[in-house]
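Enquirer: Below: one structure in structure tokens.
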Amino acid sequence: MDLIQIRTRYLTTLLQSDRVECRKVLGEALQTGTPATTIYTELFWPVMVELEQIFRNHQIDQITYQMAVRINRTLVDQLQSKLPCGPKRNKKMIVVCGDGEPEELGAQMCADLFESDGWTVHFLGGGVPNDEILSMIGRIQPEITFIYGTQPSGAPGVRQLIDHTRDISACPHMRFMLSGGLFNRAEGLWEEIGADLFAPTASEALKVALTDQRAAPTKKRSRRNSASKEEELEAVLS
């Protein structure tokens with residue numbers, strides 16, 4: 001059975017909320033010799049995206065969606081220990097996300113894969129106030145702050161975090177990377193909001209983080225530019 005067949009069966013079983021059968025499908029995938037990293041990127045991730053899409057299209061109800069997300073996350077937790085440990089890259093990352101378990105799941109998978117790739121990852125999850133994130137950025141001095149799964153209501157807060165971090169030069173060399181949620185659905189919004197990098201998936205995020213050599217902006221924005229950016233954001237979100 002190839003991964004496409006496994007993915008179809010796994011999604012069907014998730015939608016039936018059958019925890020035992022889902023674990024069985026994962027076990028069969030591992031028995032084929034498929035690396036844990038591939039299972040993350042070619043099974044868990046696309047299924048997570050498809051679940052979100054069919055829920056947004058009103059093809060499943062809230063209960064079915066939430067149970068499927070929780071089963072998926074439980075199995076991600078179980079597989080985490082099987083990810084390879086790459087050589088240390090001497091690079092640090094902070095990972096935050098939108099509120100909600102689906103957003104936490106996507107951010108967690110990103111954090112796991114970066115950690116497997118040798119990064120030192122500080123996974124904060126959702127619901128952390130901007131001032132505390134900013135304090136940690138100043139203390140940790142990461143190469144990247146990764147924000148995953150932002151919903152429309154959270155976009156202004158992301159822009160405020162980016163602007164404030166640069167206004168006070170909390171970490172001049174750091175870059176903001178955005179992924180998932182609103183930024184996957186609204187083309188170019190990551191640039192409008194002032195981020196440095198964007199990746200639609202966890203595997204793309206790994207590539208972008210290591211290949212994009214553009215320097216992080218260090219100059220403060222003028223009041224006029226900041227106001228203009230706010231107007232642009234409001235126009236995109238309206």
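The values are calculated or read from the model by the stated rules, or taken from the named source; none is laboratory data. All figures in this text were calculated on a predicted structure; none of them were measured in a lab. Methodologically, a virtual Cβ is constructed for each residue, glycine included, from the backbone with ideal geometry; neighbour enumeration extends over all protein chains shown.
Enquirer: Go through segment 25-48 residue by residue and tally those that are out of contact with any helix residue (DSSP H, G or I) (no Cβ under 7 Å at 6 or more places or on another chain) and touching a residue at least 40 places away in the same chain (Cβ under 8 Å).
Expert: 2
Enquirer: Could you check, for segment 213-228, whether at least one of its residues is at pLDDT 70 or above, assigned to a loop (DSSP other than H, G, I, E, B) and either under 30 Å from THR38 (Cα atoms) or small (Gly, Ala, Ser) (or both)? Steps first, answer last, please.
Expert: Within segment 213-228, the first condition is being at pLDDT 70 or above, and the residues that meet it are none.
No, because not a single residue in segment 213-228 is at pLDDT 70 or above, assigned to a loop (DSSP other than H, G, I, E, B) and either under 30 Å from THR38 (Cα atoms) or small (Gly, Ala, Ser) (or both).
Enquirer: Moving on. I'd like to check something: does segment 170-188 contain any residue that is touching a strand residue (DSSP E or B) at 6+ places or on another chain (Cβ under 8 Å), at pLDDT below 95 and of a type in the set (Asp, Glu)?
Expert: no
Enquirer: Could you grab me the full set of residues in segment 18-34 that are at pLDDT 95 or above and assigned to a loop (DSSP other than H, G, I, E, B)?
Expert: Within segment 18-34, just ASP18 meets the criteria.
Enquirer: If you go through segment 37-84, how many residues are surrounded by fewer than 17 Cβ atoms within 10 Å (Cβ to Cβ) and in contact with a Lys or Arg (Cβ under 7 Å, 6 or more places away or on another chain)?
Expert: Adding up the residues that qualify gives 1.
Enquirer: I'd like the residue in segment 152-207 that is farther than 20 Å from PRO129 by Cα and touching a residue at least 60 places away in the same chain (Cβ under 8 Å) and, out of all such residues, is surrounded by the most Cβ atoms within 10 Å (Cβ to Cβ).
Expert: My answer is ALA202.
Enquirer: Restricting attention to segment 94-115, does a residue exist that is in contact with a Pro (Cβ under 8 Å, 6 or more places away or on another chain) and within 22 Å of PHE176 (Cα to Cα)? Can you show your working first?
Expert: At the first step, the residues of segment 94-115 found to be in contact with a Pro (Cβ under 8 Å, 6 or more places away or on another chain) are 94.
Still in the list and also within 22 Å of PHE176 (Cα to Cα): 94.
Yes, segment 94-115 contains a residue that is in contact with a Pro (Cβ under 8 Å, 6 or more places away or on another chain) and within 22 Å of PHE176 (Cα to Cα).
Enquirer: Still on this structure, please answer the following. May I ask you to list the residues in segment 90-105 that are assigned to a strand (DSSP E or B) and either of a type in the set (A, V, I, L, M, F, W, C) or within 9 Å of the chain's Cα centre (by Cα) (or both)? Can you show your working first?
Expert: Of segment 90-105, the ones assigned to a strand (DSSP E or B) are 92-97.
Matches in segment 90-105: MET93, ILE94, VAL95, VAL96, CYS97.
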